[in-house]
1. Add +1 for every Lys or Arg and -1 for every Asp or Glu among the other residues with Cβ under 15 Å from the Cβ of residue 136, and state the total.
2. FRET efficiency for residue 174 and residue 144, Cβ-Cβ distance as r, R0 = 22 Å, nearest 0.05?
3. Give the separation of the Cα centroids, segment 15-63 to segment 93-147, in Å.
4. What 222 nm value per residue comes from the helices of the chain, counting each DSSP H run with n ≥ 4 as -39,500 (n - 2.57) and dividing by all residues, nearest 500 deg cm²/dmol?
5. Applying the Karplus parametrisation 6.51 cos²θ - 1.76 cosθ + 1.60 with θ = phi - 60° to the phi angles of segment 143-158, what ³J(HN,Hα) value in whole Hz is obtained for each residue in order, glycine and proline being reported as x?
6. Given contacts defined as C-alpha pairs under 8 Å and at least six residues apart, what's the relative contact order of the chain, whole-number percent?
7. So for the chain, considering every pair of alpha-carbon atoms, how many percent are separated by more than 22 Å?
8. Hey, can you grab everything whose amide H is under 5 Å from the amide H of residue 40? Only 5+ residues off in sequence or another chain; H modelled, so Pro and N-termini drop out.
Amino acid sequence: MLAAMDQFDALDRATEEAGRRVREVTSDQWDLPTPCGDWAVRDLVNHLVRGNVMSVMLLEGASRDEVFAMFRTAKPEDDLVAAFEETVAQQNAAFRVPGALDQTVAHPMGEIPATLFIQFRTADAALHAWDLARAIGADEELDAELVAALYEGMLPMKDMMAGSGAFGSGASGAVADDAPTQTKLLDLAGRQQ
């Protein structure tokens, strides 16, 4: 999914893109709608926090059932900004533990190599950074090198993404080949602007 970019650098850039938008949320913006279905800003940031927690759990050998239990029982965070900062640091460190990427993890969608899992987490952070920016009226421009790597890596999975339900109906087919790469990436990920 990530072409021509170091996977750790990509994860750091993507999570910093998300973190920058999380830190920009003002007290009156937590209940604003986002491009993510029925999620408000609070729900989207909570999703990012829970995804970070899930990453650490899976990289430490948690089962799918343990991850589902965490999602079911997790209490809302009092300070989502602090929770994001803490959990993203833990996640990014967990991926760097020697041998972490040599394993298979029990992801909720099935057993996957950790090398693919880090790519999922990178794409999730980057795309949700844009969703959050759109929701709160922040800068929507993402790191150009990261965007190019994600687009090049995700394009071969276009049909699978469209059929997964996780990316809306997938690419619209209405974006020109010479459109900016970020526009093409967002469209590919079901975010028709």
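Coordinate-derived values only; no laboratory data. Fair warning: this is a prediction, and the values are worked out from it, not measured in the lab. Cβ atoms come from the backbone with ideal geometry, glycine included; neighbour counts cover every protein chain shown.
1. Details: positive: 20, 21, 23, 42, 134; negative: 17, 24, 28, 31, 43, 131, 139, 140, 141.
Computed value for this residue: -4.
2. Calculated value: 0.45.
3. 12
4. Mean residue ellipticity, 222 nm, calculated: -19000 deg cm²/dmol.
5. Here the 3J(HN,Hα) series is 3, 5, 5, 4, 4, 4, 5, 5, 4, 4, x, 8, 3, x, 9, 3 Hz.
6. 29
7. Considering the chain, 46 percent of its Cα-Cα pairs are separated by more than 22 Å.
8. Those qualifying (amide H under 5 Å, at least 5 residues apart or on another chain) number zero.
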